[in-house]
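Structure first, then comments.
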Amino acid sequence: MPTDYPDDSAKYWTMVNGPDGKAIDAKPISSGDTVEFITEEKKVPTGIQFTFLSVDTSDVYQDFYHLETYQQITPGSEFILTPFEINERKYSRQGTFRIVVNDINPPRSHHLTSKYGGMSGGSTWEKYQLRVNSDLGYPDIPHLLTIEDDGGHFFYKFFDGIKDGSDITIASTDLTEVDRYVDVSLPQSAYSSMQVYAYEDFPTEEYNSYMIAGTFSGYYAQRSRQIPFLTRFPFYSTMVEAHFNEENYENHIRYLYQKFGSIPTETIVLSDDMKVTLTNRSVVNYSTSPESTYLMRQTGFYYFDEDAPRMPSVAWQINSPQGKNRISEFPKAVTDRYPALDIGKFQHGRSLFFKKGRNYDDLINETLKGEPRQTRPYEFYFTEIIN
């Protein structure tokens with residue numbers, strides 16, 4: 001673990017389980033430490049399971065536990081635990097301003113943002129006039145207004161030199177339609193939503209993007225739609241989602257597409273071929289149907305015990321390629337130290353099944369090979385099941 005790993009009031013442990021789920025060993029680790037798990041070569045199991053545990057007892061009333069497990073690890077692997085590195089720009093309200101658009105039908109959606117993101121405010125439409133009120137976080141930088149009409153077409157306009165108290169009026173004819181659309185194919189009778197953010201350069205901060213689109217379709221009988229782009233930008237964050245009005249919320253399912261990088265070059269297809277069903281939601285006997293139609297799985301479990309001392313809040317993410325490895329117990333050294341950890345109390349929270357564009361080796365390289373986990377281009381399709 002690097003010396004600059006955040007210490008605060010957290011305590012860290014590393015744990016190893018065999019492919020059968022049984023605990024092998026556990027060791028504490030601190031910032032700057034190196035730990036090794038050594039056994040006789042003939043006893044080394046293939047497909048071991050490695051877990052990193054952090055325990056935060058700094059809160060006055062309760063303790064927080066977080067576990068991250070990586071399954072089917074090759075014996076002899078070396079891991080370097082590194083924090084996620086990204087800067088967050090601090091927002092400071094510098095005033096308010098307003099933009100009025102005349103002669104416009106009621107829009108389906110609209111967004112007003114700068115390159116540092118959106119501001120809070122309120123909007124009204126009345127008598128063919130759209131009034132967009134906004135807080136001002138960054139004066140004298142460009143702001144982008146995007147509007148989706150009732151036909152699903154997107155229009156935009158940039159505004160320069162905005163200051164506290166600016167009150168700008170334009171006509172709808174001053175808006176320009178975006179210069180690129182990408183087609184989306186959806187399952188029949190699905191809800192859909194989409195988000196498109198644009199970046200002037202490669203992002204090094206958490207909030208530094210214009211919002212081109214952020215819209216929810218309502219109940220959507222059509223099986224296609226388009227998402228908008230402005231080709232003047234070099235980088236985009238694109239998300240498209242399809243989900244359904246499931247009567248059984250315990251199998252609430254979403255199909256998603258996400259890309260960070262250039263404009264998508266092909267039709268985005270979300271189809272029922274992405275469907276996965278959970279047949280068992282417990283940690284020990286977790287199973288799906290079909291079992292092997294994904295490249296990688298990330299499953300989150302949790303529990304909160306308000307009746308136990310210090311009201312432990314426990315979250316556990318298990319990362320796995322295809323396979324049926326499960327963990328059935330924690331090492332005794334850990335449960336003796338932290339008796340609040342009870343493998344029988346975990347409930348399923350959500351599961352992600354990556355269908356295209358992201359595999360298990362990518363995850364291992366990003367999170368366990370010592371490279372800072374900064375944003376980089378990606379594109380993948382995945383299925384999410386909640387609860």
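Each value in this text was obtained by applying a stated rule to the coordinates, not by laboratory testing. Every value quoted in this text rests on a predicted model; they were computed, and no experiment measured them. Using ideal geometry, Cβ is built from the backbone for each residue, glycine included, and neighbour counts are taken over all protein chains shown.
Here are the numbers for the structure shown:
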| item | result |
| --- | --- |
| DSSP-defined beta bridges in the chain - what % are antiparallel, rounded to 5 | 90 |
| Estimated FRET transfer efficiency (TYR181, LYS127; beta-carbon r; R0 45 Å; 0.05) | 0.90 |
| Debye-sum result for segment 257-316 in log10 I(q)/I(0), which assumes one identical scatterer on each alpha carbon, at q = 0.20 Å⁻¹ | -0.93 |
| Calculated on alpha-carbon atoms, Rg and Dmax of the chain in Å | 24.4, 80 |
| Segment 51-196: relative contact order in percent, alpha carbon pairs under 8 Å with at least 6 residues between | 21 |
| Approximate spin-label separation SER58-ASN359, in nm, with each point projected 7 Å along Cα-to-Cβ | 3.9 |
| Distance from segment 178-205 to segment 273-333 (C-alpha centre basis), Å | 30 |
| FRET efficiency, 1/(1 + (r/R0)^6) with R0 30 Å, evaluated for PHE216 and ASN280 via beta carbons | 0.40 |
| Sites THR34 and ASP140 - FRET efficiency at Förster radius 56 Å, r taken between beta-carbons, to 0.05 | 0.65 |
| Distance histogram in 10 Å bins (all Cα pairs of segment 249-387, percent per bin) | 10, 34, 33, 18, 4, 0 |
| Burial ordering of LEU112, LEU81, fewest other beta-carbon atoms within 10 Å first | LEU81, LEU112 |
| Alpha-carbon Debye profile of segment 96-176, log10 I(q)/I(0) at 0.17, 0.19, 0.20, 0.26 Å⁻¹ | -0.61, -0.76, -0.85, -1.41 |
| Over 21 Å (Cα to Cα) - which of LYS275/LYS355; LYS127/LYS163; LYS345/LYS369; LYS115/LYS356 fall in this group | LYS127/LYS163; LYS345/LYS369; LYS115/LYS356 |
| Sequence-separation-based contact order of the chain, relative, with Cα cut under 8 Å and 6+ spacing, percent | 17 |
| Which of TRP125, TRP316 has the fewest Cβ neighbours within 10 Å, and the rest in rising order | TRP125, TRP316 |
